[in-house]
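Each remark here refers to the structure printed beneath this line.
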Amino acid sequence: MSNQHKDKNSSYFSKRTGTNCQKLLYMGSSMYPTLKPTDILEVIPYKKQKVQVGDVIVFFRPDDNQKIVHRVISVEPNGVRTRGDYHKEADSWRLKPGDIQGYVIHFQRQNKQRRIFGGIAGPVLARAVRTTKLIYCFTSVLLKPIYHRMALKGIKSERLYALLKIRVISFCRPAGKESHLLIGRRIIGRLPPGKIHWQIKFPFRLFIDEKFL
């Protein structure tokens, strides 16, 4: 399931690209952190353009015809090689032109459209994003004890909540009620079904007290 995409997609003609586009719902993990589950991908077919190293492409895996989204790492006489941004090893297959459905030019996440960079810039930016994520995770581990101590003494008040427009929305899941904590449209916390403690993103716990929620 890590590389699969649901069949919910739509096609339309894009004035921006002058070609038929397709929207796909991404539900994989192999392109993290470039892509995340529930991203909406905008895919256009290759016509006169050639497949380039760095392109993020949608293709049918040769061995089982499963739809995959990975990045091109080489274009060789015997086929196109790919790899997920999250993976260290290249995919075992080589793609033929008929296997490739198109390439991703944009994706939508939380109502924001973002560009997918292909060509030479694609892998460079992907590595930069991944390195930034690793540094962030490493720093978070080192600073976690300090962060928790600061959170206990953070600035917390109902007036601050009103100023930041903090709100809670709840909805039903098969497992029970789930709640999300938002600042504007940004989700900063989550209370899963059956849990009593919130999962609040860094650094928002510094000024959020669960008793006010």
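Look through the range 163-204, keep the residues that are of a type in the set (Gly, Ala, Ser) and at pLDDT 85 or above, and return whichever of them is surrounded by the most Cβ atoms within 10 Å (Cβ to Cβ). Spell out the reasoning first.
Step one: list which residues in the range 163-204 are of a type in the set (Gly, Ala, Ser), which gives 170, 175-176, 179, 184, 189, 194.
From what's left, at pLDDT 85 or above: 170, 176, 179, 189, 194.
Working: Ser170: 9, Gly176: 10, Ser179: 16, Gly189: 20, Gly194: 10.
My answer is Gly189.
Would you tally the residues in the range 91-111 being surrounded by fewer than 14 Cβ atoms within 10 Å (Cβ to Cβ) and small (Gly, Ala, Ser)?
The total comes to 2.
If you scan the range 35-58, which residues turn out to be within 16 Å of the chain's Cα centre (by Cα) and part of a loop (DSSP other than H, G, I, E, B)?
Residues satisfying the conditions are Leu35, Lys36, Pro37, Thr38, Asp39.
For the range 35-51: of the residues being under 20 Å from Pro97 (Cα atoms) and modelled with pLDDT under 90, which is surrounded by the fewest Cβ atoms within 10 Å (Cβ to Cβ)? Steps first, please.
Step one: list which residues in the range 35-51 are under 20 Å from Pro97 (Cα atoms), which gives 42-51.
Subset that is modelled with pLDDT under 90: 47-50.
Values: Lys47: 8, Lys48: 4, Gln49: 12, Lys50: 7.
The selected residue is Lys48.
Scan the range 59-83 residue by residue and report those that are within 21 Å of Gly28 (Cα to Cα) and not in a strand (DSSP E or B).
Listed by number, the residues that qualify are Arg61, Pro62, Asp63, Asp64, Asn65, Gln66.
Please state which one of Arg205, Arg173, Arg190 is in contact with a helix residue (DSSP H, G or I) (Cβ under 9 Å, 6 or more places away or on another chain), among the charged types (D, E, K, R) and free of Cβ contacts under 8 Å to residues at least 60 places away in the same chain. Steps first, please.
Working: Arg173 fails: in contact with a helix residue (DSSP H, G or I) (Cβ under 9 Å, 6 or more places away or on another chain); Arg190 fails: in contact with a helix residue (DSSP H, G or I) (Cβ under 9 Å, 6 or more places away or on another chain).
Result of the check over Arg205, Arg173, Arg190: Arg205.
The values are calculated or read from the model by the stated rules, or taken from the named source; none is laboratory data. Nothing here was measured: the structure is a model prediction, and the numbers come from that model. We place every Cβ from the backbone using ideal geometry, glycine too, and count neighbours over all the protein chains shown.
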